[in-house]
Amino acid sequence: MIHTAHPILRRFAILLGLSLLILPAKAEGPKVLILKATAYTSSVRETDATPFITATGARTRYGIIAVSRDLLQTDLPYGSLVKLEDLGRWEDGAEKGKYNPMLEGILFVVEDTMNRRKRQQIDIWMPDRALALKWGVRRVKLTIVRYGR
C-alpha cells in the first residue's frame with residue numbers, strides 16, 4: 001500500500017510544483033499616493049473664463065478633482081476614479097485635524113487640471129469659498145480605484 005501510494009504522491013507533488021511555477025505572481029493592490037490637497041471653487045479668480053466647465057468639458061460638481069500636470073501624465077489621467085482619505089492639515093502631519101466627513105464614501109473623478117506651477121498635488125472642487133477655506137491645505141491618502149483613459 002505504501003509503495004503504490006508513494007508514486008501517486010510524488011506525481012501530485014510534481015504537478016503541484018509545476019502549477020506554482022505557472023500561476024501568476026501575487027497581484028498588487030490598488031496604487032496609493034500621499035499628496036498635498038487644496039480646494040477650489042467655480043470662480044474666475046480661481047479658474048479661467050469658464051469657471052463652471054472643467055478641462056474635460058464636464059460641469060463642475062462635488063466629486064470632481066483637479067490634478068497637477070505631472071500626475072495627469074503619470075498616475076492620474078482624466079477619468080480616473082479615486083478614493084480620498086484626509087490625513088490632517090499639511091503643516092501638522094498625518095492624523096491631526098481630520099476632516100473626514102466630507103470624503104467618506106465618495107468616489108472622486110479626475111476631470112480638471114491645476115496650474116502648471118503645481119506639482120504632486122490635487123485640488124478638490126467645493127461649492128463655495130467658505131468650504132474651500134475651511135478645507136485649507138491638507139494631506140490626503142489617494143487610492144486609485146480605476147484608471148482613466
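Overview of values
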read-out: Full-extension gain in nm, Ala58 to Arg117, via 0.36 nm per residue minus C-alpha separation; value: 18.9 nm
read-out: Separation in nanometres of the label points that stand 7 Å from Cα toward Cβ, at Glu28 and Arg149; value: 2.5 nm
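Bear in mind these aren't lab numbers, they're just calculated from the coordinates by the rules spelled out. Note that the coordinates shown come from a computational prediction; the quantities given were computed from them, not determined experimentally. Don't worry about glycine lacking a Cβ; one is built from the backbone with ideal geometry, like all the others, and counts go over all protein chains shown.
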